[in-house]
Amino acid sequence: MDIYLVGGAVRDELLGYPFHERDWLVVGATPETLLKQGYEQVGKDFPVFLHPETKEEYALARRERKTAVGYHGFQCEFGPEVSLEDDLLRRDLTINAIAKSAAGDIIDPYNGRKDIERRLLRHVSPAFKEDPLRIFRVARFTARYAHLGFTIADETRALMREMSTPQELQALSPERILVEINKALSERTPSAFFNALLDCQALPTLYPQWASSLDRDLLDALDTSANASLQGPEVRFALSCSKLDTTACTQLCKQLHASKAASQLAQLGASLLPLSTALGSQPSAECVLAILEKLDYLRRPQILMEFCQLADLRGENGDYLNLLTQAAERLAKINAQDFIAKGITGAALGNALRNARLDQLQQLINEA
């Protein structure tokens, strides 16, 4: 039984790039061998085990055979006879098909180190074509390494275009696609992810309205957000959707099975950004209050902060965003109990609170 470090940890070590997880490959063993040594089996489709002490993942070497369309259409073969080279051959990119032995030797049967030097993302074998999720993975790697000069090899780019058919892409689960999108949005150059998917027609095939809305300014704003490292993934996702209309944005969030937080912010951006843009340099108290109420500013101030981040990235008027923040702080001080103490209740209380808020907003606008 031999154990190798494989995949991203080897790749990033050779690149001198930071990494946080390590994956291990076991060659020449059976599940029973590892179970007897105290490993815990966690894989269902193929044997993956957790180390009894480190809890890192150890997978048995395997081959894969395509049996149906989509990500799940594979049959796995594993056993002591499967070699290291067999397992590396099934991987997506040459830079991910490098192993490191316990003695520190690099095993690189498919010239991954040479492609690292050339800064190329190249598929290992024609079997790349069998898994449409790899389109999104390669696009995500461009987002991760574009700042280091990595590009997609011409032959891999051609394969990605050939693979971007409705039949294959629609067989992918939204959850798996969303995982790649969220990872890409957390990388250094998210625009490279979207540009790769636009180039191979995967994004226009699956999400045509989203694809057509991603102009140069929006892609540049995504990169600005990533480099600032201030905004969370929900803000970046909402930013990527921010030039969709409300209907298209809602549909996209449903298609992707986006999280509740990401969907809410994206839909608020789609509905409120056009309104805030229209206000320009002459905001009205009524419109400012309407925006604040839709943002649920009293109960969820975090939403207001994220909306302001989103609007700032979209290039909205900075004075207007400051006004929103100041208005929320001032209106939060208006206390219903003060009116109740004066005997104002029921519908009259609601009217009194609204008028007080509008008066405060108008005063704030005049001061600005």
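The values are calculated or read from the model by the stated rules, or taken from the named source; none is laboratory data. Everything quoted here is computed from the prediction, not taken from an experiment. Positions of Cβ are generated from backbone atoms using ideal geometry, with glycine treated the same way; all protein chains shown enter the neighbour counts.
Before moving on, here are some points about what is shown:
- Residue among THR250, THR224, THR277 that alone is at pLDDT below 95 and either under 19 Å from the mean Cα position of the chain (by Cα) or outside any helix (DSSP H, G or I) (or both): THR224
- Just one of the listed residues (PHE150, PHE128) is over 23 Å from ARG65 (Cα atoms) and among the hydrophobic types (A, V, I, L, M, F, W, C), namely PHE150.
- Some residue of the stretch 42-50 being surrounded by fewer than 18 Cβ atoms within 10 Å (Cβ to Cβ), in contact with a His (Cβ under 9 Å, 6 or more places away or on another chain) and modelled with pLDDT of 85 or more: no
- Meets criteria (out of contact with any helix residue (DSSP H, G or I) (no Cβ under 8 Å at 6 or more places or on another chain), among the small types (Gly, Ala, Ser) and in contact (Cβ under 8 Å) with a residue 12 or more places away in the chain) for SER186: no
- Which numbered condition LYS342 misses (of (1) in a loop (DSSP other than H, G, I, E, B); (2) over 28 Å from LEU219 (Cβ atoms); (3) modelled with pLDDT under 90): (3)
- Residue among LYS114, LYS55, LYS66, LYS100 that is in the same structural domain as LEU5 (by TED's automatic domain parsing), modelled with pLDDT of 95 or more and loosely packed, with under 14 Cβ neighbours inside 10 Å: LYS114
- Selection status of ALA270, at pLDDT 95 or above and either under 18 Å from the mean Cα position of the chain (by Cα) or not in a loop (DSSP other than H, G, I, E, B) (or both): no
Results for (1) more than 19 Å from ALA139 (Cα to Cα); (2) touching a residue at least 24 places away in the same chain (Cβ under 8 Å), shown as yes or no for each residue.
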{"position": "LEU203", "(1), (2)": "no, no"}
{"position": "ALA226", "(1), (2)": "no, yes"}
{"position": "ARG236", "(1), (2)": "no, yes"}
{"position": "SER240", "(1), (2)": "no, yes"}
{"position": "CYS253", "(1), (2)": "yes, no"}
{"position": "GLN264", "(1), (2)": "yes, yes"}
{"position": "LEU268", "(1), (2)": "yes, yes"}
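- For the stretch 47-63, residues that are of a type in the set (Ser, Thr, Tyr), within 17 Å of GLY7 (Cα to Cα) and outside any strand (DSSP E or B) total 0.
- The combined condition, being touching a Lys or Arg at 6+ places or on another chain (Cβ under 7 Å), in a helix (DSSP H, G or I) and not β-branched (Val, Ile, Thr), is not fulfilled by ALA262.
- Any hit, the stretch 145-154, residues being charged (D, E, K, R) and surrounded by 16 or more Cβ atoms within 10 Å (Cβ to Cβ): no
- Checking GLY346, GLY315 one by one, the residue that is loosely packed, with under 15 Cβ neighbours inside 10 Å, farther than 29 Å from SER225 by Cα and not aromatic (Phe, Trp, Tyr) is GLY346 and no other.
- Within the stretch 321-333, the presence of a residue that is modelled with pLDDT of 90 or more, under 27 Å from the mean Cα position of the chain (by Cα) and at negative phi is excluded.
- Taking the stretch 280-299 as the range and being at pLDDT below 90, outside any helix (DSSP H, G or I) and touching a Leu at 6+ places or on another chain (Cβ under 7 Å) as the test, only PRO283 passes.
- For the stretch 282-293, the condition holds for at least one residue, the condition being that it is surrounded by fewer than 17 Cβ atoms within 10 Å (Cβ to Cβ), under 32 Å from the mean Cα position of the chain (by Cα) and farther than 19 Å from LEU218 by Cβ.
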